[in-house]
1. Might you let me know whether region 111-131 holds any residue that is in contact (Cβ under 8 Å) with a residue 40 or more places away in the chain and assigned to a loop (DSSP other than H, G, I, E, B)?
2. I'd like the residue in region 38-84 that is farther than 22 Å from residue 109 by Cβ and part of a strand (DSSP E or B) and, out of all such residues, is modelled with the lowest pLDDT.
3. Pick from 75, 92: which is within 20 Å of the chain's Cα centre (by Cα), under 19 Å from residue 58 (Cβ atoms) and exposed (fewer than 12 other Cβ atoms within 10 Å of the Cβ)?
């Protein structure tokens, strides 16, 4: 005796969560692809009399802690060593390279301590950028 079903079943795949997974994968690969530098193919470029130099920017991190410890690119130094260190870094730069000093000073420092460092930057003629943060 053959028993027949009244409803026929159809197979379905639940795909609602796949949208979220695909979004996160896309986001992950976009972020990773910006960090990876591709292996560039070296070519000899043609000459042009009207070509312009491309200016590249290099950042120097200068950090001042609340107990007046000074760091240039994670190397601790005294306040009197900052100007010679900046001068030596600036001497090593190439012709088409622009240097910026990113100044990260603790908020508990007096204004005079920060102005002294900015004054050193003005003496060596380097652009200084003071880091701040938005209030929460």
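1. Checked region 111-131: at least one residue is in contact (Cβ under 8 Å) with a residue 40 or more places away in the chain and assigned to a loop (DSSP other than H, G, I, E, B).
2. So the residue we want is 56.
3. Going through 75, 92 in turn, the sole match is 75.
The values are calculated or read from the model by the stated rules, or taken from the named source; none is laboratory data. Just so you know, these numbers come straight off a predicted model, no measurement behind them. Cβ sites come from the backbone with ideal geometry, for glycine too, and all protein chains shown count toward neighbours.
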